[in-house]
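The values are calculated or read from the model by the stated rules, or taken from the named source; none is laboratory data. These numbers were taken from a predicted model, which means no experiment stands behind them. Heads up, the Cβs are rebuilt from the backbone with ideal geometry, glycines too, and the neighbour counts pull from every protein chain shown.
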Amino acid sequence: MSTTPDDGPQVGTVVVHRRYVSHADAHYGGALVDGAFSLALFGDVATELCIRTDGDEGLFAGYGEVAFHAAVRAGDVVEVSAELVRVGRRSRDVAFEARVVCRARPEVSASAAQVLDPPLLATSARGTVVVPVRG
């Protein structure tokens, strides 16, 4: 669904980003990436959602819930989505998901990778952003 700020915020609007996870992003043994990595990506996709719906970058007010379902590793390609689920006067509730869509296969070779079908749900969250009053 595509909207412009003139349309006003529409529940159901979705924004999607993809990001390659580099080895510089890995923080733990086994090339694991910390959970804050997904949360930072959620902040980025929420910013674009606010721009598209309200014509403003908005500010993140907080998370209502966060769940880590599977590991994110160096060599993954992660797809993050933000869906607008509630519109208030200034607040917007957003549902987030981070899914691993491609994964490295270091046991095959240093550069081997595969597309995951279906993608692997890594992180889900609900959050609230605030934007200036439209006027």
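Only one of (1) farther than 22 Å from V11 by Cα; (2) at pLDDT 95 or above; (3) assigned to a loop (DSSP other than H, G, I, E, B) fails for E57. Which number is that?
(1)
Quick one: would you say R92 is among the charged types (D, E, K, R), surrounded by fewer than 18 Cβ atoms within 10 Å (Cβ to Cβ) and within 17 Å of the chain's Cα centre (by Cα)? Break it down stepwise before answering.
Numbers: among the charged types (D, E, K, R): yes; surrounded by fewer than 18 Cβ atoms within 10 Å (Cβ to Cβ): no; within 17 Å of the chain's Cα centre (by Cα): yes.
No: the conditions fail for R92.
For the range 106-127, enumerate the residues that are touching a strand residue (DSSP E or B) at 6+ places or on another chain (Cβ under 8 Å) and without any contact (Cβ under 8 Å) to a residue 24 or more places away in the chain.
In the first step, residues of the range 106-127 are kept if they are touching a strand residue (DSSP E or B) at 6+ places or on another chain (Cβ under 8 Å); the result is 112-116, 119-127.
If the condition is that a residue be touching a strand residue (DSSP E or B) at 6+ places or on another chain (Cβ under 8 Å) and without any contact (Cβ under 8 Å) to a residue 24 or more places away in the chain, then A112, Q114, V115, L116 are the ones that fit.
Quick check on my filter: what residues within the range 104-134 are over 30 Å from T53 (Cα atoms), in a strand (DSSP E or B) and not charged (D, E, K, R)? Steps first, please.
Of the range 104-134, the ones over 30 Å from T53 (Cα atoms) are 104-117.
If we keep only those that are in a strand (DSSP E or B) as well, we get 104, 113-117.
Matches in the range 104-134: A104, A113, Q114, V115, L116.
If you scan the range 16-49, which residues turn out to be under 11 Å from the mean Cα position of the chain (by Cα), not β-branched (V, I, T) and not in a helix (DSSP H, G or I)?
The answer is H17, R18, R19.
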